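Before any comments, here is the structure.
The values are calculated or read from the model by the stated rules, or taken from the named source; none is laboratory data. Keep in mind that this is a model prediction, so the values were computed, not measured. Please note: Cβ atoms are built from the backbone with ideal geometry, for glycine as well, and neighbour counts cover all protein chains shown.
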Amino acid sequence: MLIWPLEQDEVLLWQGRPAPRCYLFRCWRGQLVTLIVLLFVGAFFRQVRQQDVTSMTLIFFLALFLLALVYGPLRLIYLRWHWETLFYAVSDRRLLVRSGSNKQMVSYPWLLLDAIVVHPYTDQLADIELTFADSRRVVLACLEEPRTCLRALPLPAANSPEKNTSV
C-alpha cells in the first residue's frame with residue numbers, strides 16, 4: 001500500500017484503511033434525517049412562491065437548509081475525500097496514522113497503550129478504539145477483517161483491573 005517511514009530495525013506488522021462504504025455510511029441515520037429536512041425545506045420553498053412569508057421565516061428555513069446541506073451531501077463528499085487520504089499501519093513499536101491532504105503522519109508508541117476496545121458492526125467489520133496513557137483516543141474506523149489487525153496489536157502495557165481492555 002504505502003511506504004511508511006520506519007525506524008531502524010522496526011518491523012511493519014499490518015497496514016490497512018477503512019472500508020469505503022462503511023466509512024461513508026456509518027452515520028446513515030443522520031444522513032437520512034438531513035435528507036428528510038432537505039425535502040421538507042424544499043417543499044417549503046416551493047410553497048413560498050405562492051404565499052407571502054415573513055423574512056424571519058425565510059431566514060430560518062434558509063439556515064435550516066444550509067445546515068442540512070452541510071451535514072448531508074457535503075459531509076458525504078468530505079468523508080469520501082478523507083477516506084482517500086486515511087491509512088493505518090501497525091509496527092512492533094508504534095501505531096502510525098496517515099491522513100489529510102498533506103499526508104500528515106501521527107505516531108502513537110505502544111508503551112503508552114492503555115486499552116483496546118472493539119466495536120463490531122458485523123463479524124467482518126469493526127471499529128477498534130485504542131486509548132493511550134495521555135488520554136488520547138484513536139479509533140481505527142471501519143476495518144475489514146479486524147481480527148488480522150488485532151493479532152498485530154500488542155496487549156496494553158498495564159493490564160491492571162482498573163484498565164478497560166476488551167479484545
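Annotation note: of P146, P120, the sole residue that is out of contact with any Gly (no Cβ under 6 Å at 6 or more places or on another chain), surrounded by fewer than 13 Cβ atoms within 10 Å (Cβ to Cβ), of a type outside the set (A, V, I, L, M) and at pLDDT 90 or above is P120. Y71 meets each of the listed conditions (1) within 26 Å of L2 (Cβ to Cβ); (2) modelled with pLDDT under 90 apart from (1). So, in segment 123-143, of the ones that are at negative phi and small (G, A, S), which residue ends up surrounded by the fewest Cβ atoms within 10 Å (Cβ to Cβ)? Step by step, filter segment 123-143, then rank; the result is A133.
The set of residues in segment 28-48 being free of Cβ contacts under 8 Å to residues at least 12 places away in the same chain, of a type in the set (A, V, I, L, M) and under 30 Å from Y121 (Cα atoms) consists of L32, V33, I36, L39.
Just to check your reading of the model, which residue among G30, G42 is in a helix (DSSP H, G or I) and more than 26 Å from the chain's Cα centre (by Cα)? One residue alone meets the criteria, G42.
The residue of segment 64-102 that is surrounded by the fewest Cβ atoms within 10 Å (Cβ to Cβ), among those that are more than 15 Å from the chain's Cα centre (by Cα) and under 22 Å from E144 (Cβ atoms), is S91.
L150 falls short of the stated requirement of being closer than 19 Å to W4 by Cβ and among the aliphatic types (A, V, I, L, M).
Residue pairs whose Cβ atoms lie under 8 Å apart, separated by 6 or more positions or on different chains, with the first residue in segment 6-26 and closer than 16 Å to V97 by Cβ and the second modelled with pLDDT under 90 and part of a loop (DSSP other than H, G, I, E, B), are L12/W4; L12/L6; Q15/M1; Q15/L2; Q15/W4; G16/M1; R17/M1.
Q51 meets all of the listed conditions (1) surrounded by fewer than 16 Cβ atoms within 10 Å (Cβ to Cβ); (2) touching a residue at least 12 places away in the same chain (Cβ under 8 Å); (3) not in a helix (DSSP H, G or I) but one, namely (2). Taking V106, is it within 19 Å of C22 (Cα to Cα), in a strand (DSSP E or B) and either touching a His at 6+ places or on another chain (Cβ under 9 Å) or not basic (K, R) (or both)? Answer is no for this residue.
Figure legend. Inter-residue proximity from segment 99-117: first residues free of Cβ contacts under 8 Å to residues at least 24 places away in the same chain, second residues not charged (D, E, K, R), beta-carbon distance below 7 Å, spacing 6+ or different chains. Indicated pairs: S99/H82; S99/T85; S99/L86; G100/T85; S101/T85; K103/T85; V106/V97; S107/L96. Just one of the numbered conditions (1) in contact with a strand residue (DSSP E or B) (Cβ under 7 Å, 6 or more places away or on another chain); (2) farther than 13 Å from R17 by Cα is not true of R98: (2).
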